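Coordinate-derived values only; no laboratory data. Note that the structure is a prediction, hence the values are computed from the model and not measured. For neighbour counting, all protein chains shown are included, and Cβ atoms are generated from backbone atoms with ideal geometry for every residue, glycine included.
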Ligand SMILES: NC(=O)c1ccc[n+]([C@@H]2O[C@H](COP(=O)([O-])OP(=O)(O)OC[C@H]3O[C@@H](n4cnc5c(N)ncnc54)[C@H](OP(=O)(O)O)[C@@H]3O)[C@@H](O)[C@H]2O)c1
């Protein structure tokens, strides 16, 4: 019988692509969602309501693996105190709920794979290359990712293999990061943000889904894995590559950092600062990126 993989956040950008890949790869897929959804021949939907600590326990009891992708969008709204709390709790509460169902029912899993983010290394631009041993930063994203990953460790304490996928900016057609910036580049108004020197570690959606598939299939994988290409793309090189694909050279002055700080508040750090990140650990596990050339990756998302 096909192994059942339960996705939290399976209705989102990464979740939808991953669902397709898992089904193609012969897994049976279930999705936990806050909204009512009709089952399809390939996907069973289960409901949860984190505000009421409600979960359809059958979702967990029928799962062989869980992939945790649920969480409020990190750059959707200004980082007010409430928004920061929502970003953190929407990632941790689901894990706590899953933990309590597993524990109560003495249920085990073959693996628990959770999204995390390279934001764990902090919003900082310098020449240090962060690997999985680099300590977490003491800023909002660093602390959020640390608490998120610590919640995953609770699942590990039940004797379940856990993997943390520390993701960079995910490139996909009409979705995620590109959905936000492509319209201005398409209209000829693409601009470099701040100094443009901030690093933008990226990964193509197809490669990211392959990493999740490997994290399920490869029992040697456990702990954190940086999941982005090591190519030192900066905001300036990314902006120039996008403009090039739309057939022009960037002519606008750089968008000044102080204006972005006024408009975005603390969240401006997410676009004005960025880390260099090494993907050596996942590559040593035998993972090969299909997309390592930025322009080719971007082009595949624009066609
Ligand atoms: N996309 C990127 O570039 C990127 C980069 C680094 C890390 N990541 C991480 O990867 C994960 C998936 O990213 P994504 O881009 O696929 O996100 P997404 O498109 O925003 O989807 C996230 C899903 O989480 C669920 N969700 C949203 N708010 C929630 C809440 N308050 N409580 C419970 N569930 C909630 C939603 O599912 P329902 O509406 O069905 O409940 C939604 O479909 C996230 O944790 C994200 O931080 C993404």
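Some notes on this structure:
- Scaled against the 2.2 N^0.38 Å expected of a compact globular protein of N residues, the Cα radius of gyration of the stretch 174-223 reads 1.67.
- Using alpha-carbon coordinates, inclination of helix 205-217 to the longest axis of the chain, degrees: 30 degrees
- By average C-beta atoms within 10 angstrom, highest first, the peptides 271-283, 127-139, 20-32: 271-283, 20-32, 127-139
- Considering all C-alpha pairs of the chain, those separated by over 29 Å amount to 35%.
- All Cα pairs of the stretch 228-303, percent lying beyond 19 Å: 53 percent
- Relative contact order of the stretch 15-139, taken over Cα pairs closer than 8 Å and 6 or more residues apart, is 19 percent.
- Average projection, convex hull of the Cα set of the stretch 221-261: 5.2 square nanometres.
- Kirkwood hydrodynamic radius (C-alpha pairs) into Stokes-Einstein, the stretch 164-303, 20 °C and 1.002 mPa s, D in µm²/s: 135 µm²/s
- In plain terms, if you count all Cα to Cα distances in the stretch 1-106 and split them into 5 Å steps from zero, the share in each step is 2, 12, 23, 24, 18, 13, 6, 2, 1, 0 percent.
- Angle of helix 13-24 to the longest C-alpha principal axis of the chain, folded into 0 to 90 degrees and rounded to 10: 50°.
- In angstrom, the C-alpha Rg and Dmax of the stretch 109-206 are 16.4, 53.
- Euclidean distance of C-alpha centroids, the stretch 49-100 and the stretch 142-177, integer Å: 12 Å
- Cα-based Rg of the stretch 88-159 normalised by 2.2 N^0.38 Å, two decimals: 1.28
- Computed over the chain with a Gaussian network model linking Cα atoms closer than 10 Å, the most mobile of 80, 40, 292 is 40.
- Residue of 84, 240, 38 that the Gaussian network model of the chain assigns the largest fluctuation, springs spanning Cα pairs under 10 Å: 38
- Across every pair of non-identical alpha carbons in the stretch 195-269, the mean reciprocal distance, once inverted, gives a Kirkwood radius of 15.3 Å.
- Relative to the dominant Cα principal axis of the chain, helix 81-104 is inclined by about 30°.
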